[in-house]
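Accompanying notes for the structure given below.
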Amino acid sequence: MKNKKSSYTAYENVVVFPGTVERLISEAQKYIKKNQFETANQYFEEALKYTDGDEYVLSLYAYSLYEAKSYLKAKEVCEKLLNIGPTMYFEVMELYLTVCMQLKEYKKVEKIITSLLEEEAIPTDKIDQFNRLKELNANIIEKMNKQDDFTMIVKQLEPELYELDAFLSFSHAEQVNKLHELSLANIRPIIVHLKNIVESHRTHPFVKSLILILMNEQNIDIELKIRKFDRMIVVNPSKIGLPTELSQYKMISNIVSKKLQQEPSVLDMVEYLIAKHAIVTYPFEWLDFQSNEVAECYIDFVYQLFGQDSEFNQEIYQFIQELEKLSELQ
């Protein structure tokens, strides 16, 4: 009696019947569609014991590993794919770079994308995607650096330097620098010192504004007596907007934007001055002056800077000059 021809394959002493690999991959695909990636990965792993896997299978496996947050394994599979030189090379590369970012390999990501861009190897329709990926990677690196700066500043924070007399003994420029440093730190431990500084009649108006902005950004719920321009107001930093969020600023900005649509260079200068001065006046804005008159005077002010004669409201003009002088600390 003749022996029947074998209809199975032996793999490391394991009998693999025809269609086994295809069935395992098919099952894996079913679980991917159900978003059950960990189960899908088990089927892929079993199937890949008996085959090296083609581009399609490895791509699916890499995607499924990424979705299951198995980043190290996903990176390994992507590298295998990239060595093959897949048809969808840049789709795989994009996944690979995303996986590297998850593994915090940011310098590697930056190096790869920069190299691809410099070599002009990226297809035109993929350039935007890779630029966005590069930008996202750069933003993460920047945040990490800021976090490192934050840790350093918190460790170096010396509360005694923010006691009223000690702080005011510094030059205005040094005061501004110290407040900029606080933007990366928790200011609550020195909030009493900052309150004393912002309420003191000896403190520069611009410095008072910076402290108010710091408190606003950190949602400090406290009442402060702010004195500027021979006026006094009680404010709670957590309940007021930032200078560019206040109503009069928005009105003035809208007016100049409409009036100077055809003069972009003048508009840029006017908007720059308004934003700069809004910090100095904060939280008073432009006192009792009417928004339309303030807007007109800023336009005339800039026209004069460009050597053009113009008429202006003398009182508002003098106030703008005062704000310009006070804003020099920026």
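Each Lys and Arg adds +1 at its Cβ and each Asp and Glu adds -1 at its Cβ; summed about the Cα centre, the range 243-323 shows a dipole of about 280 debye.
May I ask for the net charge around residue 93, where only other residues with Cβ less than 11 Å from the Cβ of residue 93 are counted and Lys, Arg are +1 while Asp, Glu are -1? Don't skip to the answer; put the middle values down first.
Working: positive: 126; negative: 79, 91, 94.
Residues close to residue 93 contribute a combined charge of -2.
Amide H contacts of residue 53 (H built 1.01 Å from N, in plane; Pro and chain starts excluded): no residue 5 or more places away or on another chain comes under 5 Å. Here the label points at residue 229 and residue 259, each 7 Å from Cα along the C-beta direction, are separated by 1.7 nm in the simple model. Placing unit charges on each Cβ (+1 for Lys and Arg, -1 for Asp and Glu) gives the chain a dipole about its Cα centre, and among 64, 277, 129 the Cα reaching farthest toward its positive end belongs to 64.
Report the gain in length on full extension from residue 177 to residue 26: 0.36 nm times residue separation, minus Cα-Cα distance, nm rounded to one decimal. Contour length minus Cα-Cα distance gives 48.1 nm. Among all the lysines, which ones have a C-alpha under 29 Å from residue 134's C-alpha, if same-chain residues fewer than 8 places away are not counted? List returned: 69, 73, 75, 80, 104, 107, 108, 111, 126, 143, 146.
For the chain, what does the helix formula give at 222 nm: sum of -39500 (n - 2.57) over DSSP H segments with n ≥ 4, over the residue count, nearest 500 deg cm²/dmol?
Details: 15 runs with 209 residues, N = 330.
Roughly -20500 deg cm²/dmol at 222 nm, from the helical runs in the chain.
Identify which of the listed values of Cα Rg over 2.2 N^0.38 Å was calculated from the structure shown: [x] 1.60; [y] 1.24; [z] 1.04. Label [x] holds the value from this structure. The magnitude of the dipole of the range 54-194, with charges of +1 and -1 set on the Cβ of Lys/Arg and Asp/Glu and taken from the Cα centre, is near 400 debye.
The dipole here belongs to the chain: it is taken about the Cα centre, uses +1 on the Cβ of Lys and Arg and -1 on the Cβ of Asp and Glu, and is about 1720 debye.
Rounded, prolate or oblate: which fits the range 171-329, taking a ≥ b ≥ c as square roots of the Cα gyration tensor eigenvalues, rounded meaning a/c under 1.5, else prolate when a/b beats b/c? Each step should come with its number before you reach the end.
Values: a/c = 2.06, a/b = 2.01, b/c = 1.02.
Prolate, because a/c is 1.5 or more and a/b exceeds b/c.
So what are the ³J(HN,Hα) numbers for the range 169-176, from phi and the Karplus equation (6.51, -1.76, 1.60; θ = phi - 60°), rounded to whole Hz, Gly and Pro as x? Here the 3J(HN,Hα) series is 6, 6, 5, 4, 5, 5, 4, 4 Hz.
For a quick protection proxy, order the peptides 207-220, 168-181 by their average other-Cβ count within 10 Å, most packed first.
207-220, 168-181
When peptides 79-90, 41-52 are sorted by average Cβ neighbour count within 10 Å, with the highest value leading, the order is 41-52, 79-90. Rounded to the nearest whole Hz, the Karplus-based 3J(HN,Hα) values (6.51 cos²θ - 1.76 cosθ + 1.60, θ = phi - 60°) of the range 250-267 follow the sequence 4, 5, 5, 4, 5, 5, 5, 5, 6, 6, 10, 4, 8, 10, x, 5, 5, 4, with x at glycine and proline.
By its C-alpha gyration tensor, with a ≥ b ≥ c as the square roots of the eigenvalues, how is the range 12-111 shaped: rounded for a/c under 1.5, else prolate for a/b larger than b/c, else oblate? Walk me through the numbers on the way to the answer.
Values: a/c = 2.24, a/b = 1.75, b/c = 1.28.
Since a/c reaches 1.5 and a/b is larger than b/c, the shape of the range 12-111 is classed as prolate.
Placing a label point 7 Å from the Cα of residue 217 along the Cα-to-Cβ line, the residues of the range 165-183 whose backbone N sits under 15 Å from it are 176-183. Straight-line cross-link reach from residue 195 at under 18 Å between alpha-carbon atoms covers these aspartates and glutamates, not counting any fewer than eight positions away in the same chain: 158, 160, 163, 165, 181, 217, 221, 223.
Any read-out appearing in this document is the output of simple, stated calculations on the displayed coordinates, not a laboratory observation. In this text the structure is predicted, and so the values were computed from the model without any measurement. Glycine also receives a Cβ, built like all others from the backbone with ideal geometry; neighbour counts cover every protein chain displayed.
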